[in-house]
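Remarks on the structure that follows.
What follows draws every value from the coordinates through simple rules; no lab data is involved. The shown structure was predicted, so the numbers you read here are calculated from the model rather than taken from an experiment. Glycine gets a Cβ as well: all are built from the backbone with ideal geometry, and neighbour counts include every protein chain shown.
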Amino acid sequence: MTGTLFSKADKDIEINKNNDCNDLQCEEFEETPLYAAVLTYLGYAILCLFGWLRDFLRQSNIEKKRGAVDPNASLGFVPLYQSYESFYTRNMYTRVRDIFNRPIASVPGAQFELTERMSDDYNWTYRYTGKTISAVNFGSYNYLGFAERTGQCATDAINGLKSYAVSSCGTRSEIGTQRYHIELEQLLANFLGVESSIVFGMGFATNALNLPAIASKGDLILSDEMNHVSLIIGMRISGASYQTFAHNDMNDLEAKLHAAIVHGHPRTNRPWKKIFIVVEGVYSMEGSICRLPQLIELKKKYKAYLYMDEAHSIGAMGKNGRGIVDYFNVDVNDVDILMGTFTKSFGSAGGYIAGRKSLIDHIRIHSHANTYASSMSAPIVQQIISSLRLLSSPEGEKRICQLADNTRYFRRKLVDMGFIVYGNKYSPVVPMLLYLPARVTRFNREMLRRGIAVVTVGFPATKLLEARVRFCLSAAHTRPMLDAALAAIDEVGTDIRLRYSSRHVHRRLKDL
Amino acid sequence: MGSSMTRGDIESLATDFYDLLESFKHAPFYHISFEIFLVLAVIWLVFFRKPRAIEKKLTEREKQELIDEWQPEPLVPPVDPNHPALNVRVLDGIVGKTVEIDGKKSLNFATFNFLNFVGNSRISEKAIQAVQKYGVGSCGPRGFYGTIDIHLELEERLAKFFNCEEGIIYSYGFSTIASIIPAYSKRNDILFVDEGVHYAIQKGVEASRSHVKWFKHNDIQDLERLLAEQEVLDKKNPKKARTIRRFLIIEGLYVNYGDICPLPRMVELKYKYKYRIFIDESVSFGTIGQTGRGVTEYYDIDRQKIDLISSSLEYSIGSIGGFAVGSSFVVDHQRLSAQGYCFSASLPPLLAAAAIEALNIMEEQSTPLFETIMSKSKRLHKKLLSIKGYSVMGDEISPLKHLRLANALNTIGRLEEIVQFAQTRDITITVARYLTDEHLLPEPSIRLILNVEMTDEELEFLCTVLQEALVKVTS
């Protein structure tokens with residue numbers, strides 16, 4: 001029996017023990033069944049074998065070489081790519097390329113139009129037929145359903161365009177700060193209940209360009225192992241030392257905090273200047289929620305600073321949509337640095353950092369984005385302002401309730417049918433495990449054939465064994481849409497045998 | 001007389017020795033083994049024992065004391081409330097050729113609005129249509145239903161404009177080049193980078209963790225020296241040299257200096273020393289060259305010889321985002337390896353629509369538009385040179401110039417006074433802002449940017465105000 005299979009199980013039981021059955025933190029990560037693990041490894045091995053065979057055929061010119069060729073190849077330049085990097089692209093990714101990067105031709109709402117594309121040469125090239133396929137959208141980040149082309153927000157965005165044009169072509173620190181930037185920052189600070197906030201044009205850049213302004217050499221950052229790439233890039237550029245702790249494991253974090261303060265820097269033994277704990281509110285691949293109450297306890301005990309990335313949880317969690325702080329009902333001032341994005345729940349683009357005024361002023365002076373990047377575009381900002389105002393109104397409350405309702409319903413049904421679903425009971429990100437690479441692609445294509453567009457992810461975005469489909473629920477999904485999706489999942493799940501769970505009984509949808 | 005040993009002495013010595021041996025034979029076994037053990041112990045103690053390190057094991061109480069005593073630094077250091085970043089001018093309305101600050105309109109020489117596309121009615125109209133069709137946000141990364149057909153159209157149009165095989169767009173200008181460099185250059189590779197590149201390139205270079213060799217700004221001799229040094233190292237270890245990739249990272253028109261790179265010689269050296277050229281044409285796209293196609297057009301160099309051209313949609317085009325064009329072989333790699341492309345939400349469709357329309361206008365107006373901007377830049381350059389007391393940095397055809405006070409009077413304080421004075425006279429200019437950790441911090445300067453629709457009278461007015469400001473500041 002492989003070690004990984006058991007360690008997951010042990011962690012699972014420990015999580016349940018820690019909970020004291022605290023409903024808000026009820027999470028499940030069922031262990032990988034042995035036969036699924038064996039078949040998955042076998043699947044990848046067969047793919048590798050065929051990959052080597054095809055590469056050999058291509059090398060010996062038996063098969064035609066496809067794909068682009070280096071124009072500098074024959075001139076003595078060092079090859080631009082490692083051969084093993086492109087092995088994966090040529091032999092595994094290209095086979096299933098049609099399930100990724102699907103272009104759409106409409107607003108990414110609950111129901112959308114995909115442009116139809118056909119390939120005559122096994123996904124090396126595509127041609128567009130000009131037709132569109134209508135499908136229910138379970139892939140876009142549209143938690144509160146603000147991806148709309150009509151309605152109050154769209155009208156406000158258009159008015160913003162008329163009054164302020166598309167861009168200002170200047171940076172925030174020079175000539176580029178417009179009145180609507182200041183309005184948005186104040187509105188956001190009031191919404192979150194903090195002193196001050198600052199906004200940026202890109203969520204990814206918010207992490208990557210501002211962590212270096214906050215942390216520097218001589219600091220220690222403890223980051224969750226499942227943190228997003230933007231956080232890791234920010235940590236690397238900042239020059240601070242960083243260590244990872246096991247996902248959502250507060251005991252591991254405490255041990256590392258303890259060791260960090262007692263022993264200091266591993267080689268010089270000098271004490272750390274500051275210690276940061278970096279976590280996300282909702283983890284987009286696992287569907288889990290960070291353990292905020294315990295984190296705040298730990299941070300106070302060890303005098304560390306807490307940075308929480310609420311990209312997926314702002315707007316979507318909490319009874320007022322104020323994120324994880326609202327969800328656990330803790331004091332917002334206990335989290336030192338709140339970060340979030342506007343792409344997911346607000347139907348716009350960009351990111352923000354919120355906290356004490358001294359922190360935000362410091363970021364204004366030292367942030368790379370504030371000094372060198374273009375200020376946010378007017379219609380983008382207007383969309384956020386309108387959706388923020390709407391969130392505080394009865395309409396917004398309705399959307400938040402609808403999302404929570406949809407989440408509970410969908411997750412309950414999936415689990416009752418016998419599928420393995422990861423994550424917290426209340427998180428609108430629903431990862432369902434598929435394991436085998438062939439089942440992943442088959443599932444995606446079969447669902448599209450039934451009019452449901454889903455997002456499937458495999459290695460390297462997830463661990464090798466744990467390929468999954470990730471459903472992103474939305475307040476715009478109606479009950480009939482969810483039922484249609486569940487019916488399709490039931491049918492496809494029976495067809496290709498996706499009911500892996502050993503904790504729940506396997507049932508058909510009609511028997512629920 | 002006693003030194004010589006008599007026969008009798010030797011005999012007695014031998015007898016003693018014989019007795020010793022006999023006694024050994026008769027001694028009990030435990031006695032002999034104990035003696036041998038003692039001898040061995042002495043040998044070990046003298047020769048082989050290493051001094052034992054005293055182990056520093058802390059008690060629980062000591063650990064708790066350390067934790068209680070440890071005081072972290074405050075989250076942020078004290079902030080200067082008078083820092084310019086905290087006291088910026090707030091703008092109202094459209095930031096085009098004129099900008100409104102505190103109710104007063106002034107001429108705008110501070111934003112990167114080279115072709116005056118900001119506020120263009122055709123562009124705004126197309127953006128509005130895009131909102132009515134697609135909404136505002138794209139709600140996902142490119143891999144997960146965030147690819148909208150308008151993105152594909154923009155990529156195709158950009159590739160066609162530059163006559164390259166493929167284009168790729170990013171949702172943020174800063175992240176474009178900062179994601180591109182680490183996608184190709186890894187730990188073992190070598191980057192030859194001009195010292196004067198802007199901050200985003202510096203961060204890209206840092207993120208790649210490659211060996212960086214900085215050469216003096218626009219100094220071809222210095223670059224050749226570095227290349228020759230590297231060649232010597234390569235000859236010493238040819239096997240390793242065959243696995244190290246080399247890249248040259250330069251800008252077409254440098255934002256921090258306003259001058260154009262010596263591209264022809266760099267392309268020649270490319271084939272001699274076998275490096276690949278990545279050129280960042282953020283400022284030169286849409287401003288230099290007969291049809292706005294940048295420095296490759298200006299020098300009449302075949303674009304196939306440049307491996308990758310990256311640029312920004314935030315300057316001449318007047319939208320938001322960035323892009324890169326080149327051969328399919330080079331560009332396609334970014335779709336799986338550029339962090340800022342794969343893991344970030346895609347560009348909002350209305351911004352892509354604005355960019356496409358701006359490109360349409362550029363193609364329609366073509367040569368007359370770019371000849372106008374180049375000739376106006378030359379005129380402005382001449383006018384600025386005629387003001388005694390200022391030094392102007394930048395090529396004469398560059399619409400971006402750096403203005404400094406001559407004769408060692410150049411300080412940020414004086415430049416800020418000039419800017420404030422100009423604002424009272426309804427001219428908006430700005431001191432160029434940098435972070436303190438730039439690789440080579442440029443001297444303080446006022447960054448002047450020419451808008452193609454400025455008339456001659458307005459340029460004259462600018463120079464008059466600058467002259468007056470100079471008098472005020474130096475008196």
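Using only atoms on other chains, find how many Cβ atoms lie within 10 Å of each Cβ of peptide B:433-440 and report the average.
That average works out to 3.
Kindly state, to the nearest 0.05, the FRET efficiency for residue A:333 paired with residue A:269, given R0 = 35 Å and r defined as their beta-carbon distance.
Plugging the Cβ-Cβ distance into 1/(1 + (r/R0)^6) gives 0.55.
For the peptides B:14-24, B:188-198, A:171-181, what is the packing order when you average, over each peptide's residues, the other Cβ atoms within 10 Å and list the highest mean first?
Highest to lowest by the protection proxy: A:171-181, B:188-198, B:14-24.
What is the dipole size for chain B, taken about its Cα centre, with +1 at each Lys and Arg Cβ and -1 at each Asp and Glu Cβ, in debye to the nearest 20?
For this selection, approximately 680 debye.
At 222 nm, what value in deg cm²/dmol follows for chain A if DSSP H runs of at least 4 each add -39500 (n - 2.57) and the sum is divided by all its residues, to the nearest 500?
After summing the helix terms and dividing by the residues of chain A, the value is -13000 deg cm²/dmol.
For the protein assembly as shown, evaluate the Debye formula with one uniform point scatterer on each Cα (no solvent term) and list log10 I(q)/I(0) at q = 0.06, 0.08, 0.10 Å⁻¹, rounded to two decimals.
For the protein assembly as shown at q = 0.06, 0.08, 0.10 Å⁻¹, log10 I(q)/I(0) is -0.48, -0.82, -1.27.
State to the nearest 20 debye the size of the charge dipole of chain A about its Cα centre, where the only charges are +1 on K and R beta carbons and -1 on D and E beta carbons.
Charge dipole of chain A: 820 debye, to the nearest 20.
Per-residue counts of other Cβ atoms within 10 Å, averaged by peptide: what ranking do you get for B:141-148, A:500-507, highest first?
Going from most to least packed, we get B:141-148, A:500-507.
With Cβ to Cβ distances under 13 Å as the rule, what net charge do the other residues near residue B:391 carry (K, R +1; D, E -1)?
With Lys, Arg at +1 and Asp, Glu at -1, the net is +2.
Tell me the angle of helix B:349-386 to the major Cα principal axis of chain B, expressed in degrees between 0 and 90 and rounded to the nearest ten.
Approximately 80 degrees, to the nearest 10.
Hey, how many Å between the Cα centroid of the range A:260-313 and the Cα centroid of the range B:407-443?
A separation of 40 Å, based on Cα centres.
Beyond 26 Å between alpha-carbons counts as too far, so tell me which of B:236/B:270; A:256/A:319; B:97/B:203; B:186/B:239; A:303/A:357 fall in that bin.
A:256/A:319; B:97/B:203
Report, largest value first, the span of the C-alpha coordinates of the range B:133-236 along each principal axis, in whole Å.
59, 28, 26
Using the crude model of +1 on Lys and Arg Cβ and -1 on Asp and Glu Cβ, and no other charge, please compute the dipole size for the protein assembly as shown relative to its Cα centre, in debye to 20.
Result for the protein assembly as shown is approximately 1540 debye, rounded to the nearest 20.
Kirkwood Rh, the range A:341-458, all Cα pairs: how many Å?
18.1 Å
Cα axis of helix B:7-26 to longest principal axis of chain B: angle in degrees, 0 to 90, nearest 10?
70 degrees
Starting from the Cα gyration tensor of chain B, multiply each eigenvalue by 5, take the square root, and state the resulting semi-axes largest first in whole Å.
Listed largest to smallest, the semi-axes of chain B are 71, 29, 27 Å.
Would you mind getting the Kirkwood hydrodynamic radius of chain A from its Cα pairs, rounded to one decimal in Å?
In chain A this quantity evaluates to 24.8 Å.
Could you tell me what a quarter of the Cα convex hull surface of the range B:59-123 works out to, in nm² with one decimal place?
9.4 nm²
Can you list the residues, at least 5 places off or on another chain, whose amide H is less than 5 Å from the amide H of residue A:336, using H built in the peptide plane?
When sequence neighbours closer than 5 places are left aside, the close amide H contacts are A:306.
Once a ≥ b ≥ c are taken as the square roots of the eigenvalues of the Cα gyration tensor of the range A:62-217, is the result rounded (a/c under 1.5), prolate (a/b larger than b/c) or oblate (a/b not larger than b/c)?
oblate
Return the ratio Rg/(2.2 N^0.38 Å) for the range A:152-391, where Rg is computed over Cα atoms only.
Rounded to two decimals, the normalised Rg is 1.02.
Is there a simple number for the mean count of other chain Cβ atoms within 10 Å of the Cβ of residues in A:135-143, and what is it?
Mean shielding by partner chains, rounded to a whole number: 4.
Tell me which residues come under 5 Å, amide H to amide H, from residue B:277 once H is placed; ignore anything under 5 positions away on its chain.
Answer set, sorted by chain and number: B:248, B:307, B:308.
With both partners inside chain B, how many of the DSSP beta bridges are antiparallel, as a percent to the nearest 5?
60 percent
Give me, ordered by chain and number, the residues 5 or more places off residue A:172 or on other chains with an amide H under 5 Å from its own placed amide H.
A:373, A:375
Pull up the DSSP beta bridges for the range A:259-402 and report the antiparallel fraction as a percent, rounded to 5.
Antiparallel: roughly 40 percent of the beta bridges in the range A:259-402.
Under the definition of Cα pairs under 8 Å and six or more residues apart, what whole-number percent is the relative contact order of the range A:151-232?
17 percent
Residue by residue through the range B:160-165, what is 3J(HN,Hα) from phi via Karplus (6.51 cos²θ - 1.76 cosθ + 1.60, θ = phi - 60°)? Round to whole Hz and write x for glycine and proline.
So the Karplus estimates, Gly and Pro as x, are 5, 4, 8, 6, 10, 6 Hz.
Grab the DSSP H runs of chain B that are 4 residues or longer, score each as -39,500 (n - 2.57), total them, divide by all residues and round the 222 nm result to the nearest 500 deg cm²/dmol.
Value at 222 nm, helices only: -14500 deg cm²/dmol.
Diagonalise the Cα gyration tensor of the range B:363-412 and give the resulting equivalent ellipsoid semi-axes, square root of 5 times each eigenvalue, largest first, whole Å.
After diagonalising the Cα gyration tensor, the semi-axes are 28, 10, 6 Å.
When DSSP assigns beta bridges and you keep just the ones with both residues in the range A:152-391, what percent turn out antiparallel, to the nearest 5?
That works out to approximately 40 percent antiparallel.
As I understand it, the dipole of the range A:137-253 uses +1 on the Cβ of Lys and Arg and -1 on the Cβ of Asp and Glu, about the Cα centre. Which of A:146, A:231, A:242 lies farthest toward its positive end?
The one lying farthest along the dipole's positive direction is A:146.
Could you please report the charge total around residue B:188, scoring K, R as +1 and D, E as -1 over all other residues with beta-carbon less than 10 angstrom from its beta-carbon?
Combined, the nearby Lys, Arg, Asp and Glu give +4.
For the range B:140-148, just list the computed ³J(HN,Hα) in residue order, Karplus coefficients 6.51, -1.76 and 1.60, θ = phi - 60°, integers in Hz, with x standing in for Gly and Pro.
Here the 3J(HN,Hα) series is x, x, 4, x, 10, 6, x, 7, 10 Hz.
Determine the shielding of peptide B:90-97 by partner chains: average, over its residues, the number of Cβ atoms on other chains within 10 angstrom of each Cβ.
Mean partner shielding for this stretch: 6.
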